[in-house]
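In what follows, a structure is listed as structure tokens, so that the remarks can point back to it.
Only the coordinates and a few stated rules stand behind these numbers; no lab work does. Treat the numbers as computed from the prediction; the structure is a model and nothing was measured. Cβ placement follows ideal geometry from the backbone for every residue including glycine, while neighbour counts extend to all protein chains displayed.
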């Protein structure tokens, strides 16, 4: 588990991006993929990140300070249909500017729902991540919602749909599937340099 994690700030405008030299671990994914639950699970806190009842609520970049050592940065979810075109453009610009301008990003966790084949938006995000040349890991959330014996089949389908070369890690915040594995990986990434 990651210790001493506190919510630090929300940023709605790219001119207000946090100026820091601390390393950053970033989360991307669709609006209802479970990024808040992912944060709460790896930080072993129930209410650190607000889990929205309605997807698409997070319109900001949220910074979580881990032990005053590094940040977990939650980017706004994409692909939520009730958002106006104007809002979508604003959020895309916010995400793009953050990723392009932030030199401290060490790793990106790309979250997809294990139960659904990746959408067009997910495929675009995957291509975009490849293009950005930042190390990333694909996490298949909500793994507790599928039978253990079928987990490999589901991750293989996601791999095929994305044409991914990377291993996809099943994850469940409820059943704590691979929570320790992710925490260990994050700490390893942070300690590397």
Q: Treat each spin label as a single point 7 Å out from the Cα along the C-beta direction, and report the residue 130 to residue 165 distance in nm.
A: 0.9 nm
Q.
If each DSSP helix of 4+ residues adds -39,500 (n - 2.57) and the sum is divided by the residues in the chain, what number results at 222 nm, nearest 500 deg cm²/dmol?
A. -10500 deg cm²/dmol
Q: Consider all pairwise Cα distances in segment 86-193 and report the whole-number % of them above 23 Å.
A: 35 percent
Q: Could you grab the Rg to Rh ratio for the chain? Cα atoms only, Kirkwood for Rh.
A: 0.93
Q: Take every DSSP beta bridge whose two residues both sit in the chain, then give the antiparallel share in percent to the nearest 5.
A: 35 percent
Q: May I ask you to derive the relative contact order of the chain, considering only C-alpha pairs under 8 Å and at least 6 residues apart, and to give it as an integer percent?
A: 24 percent
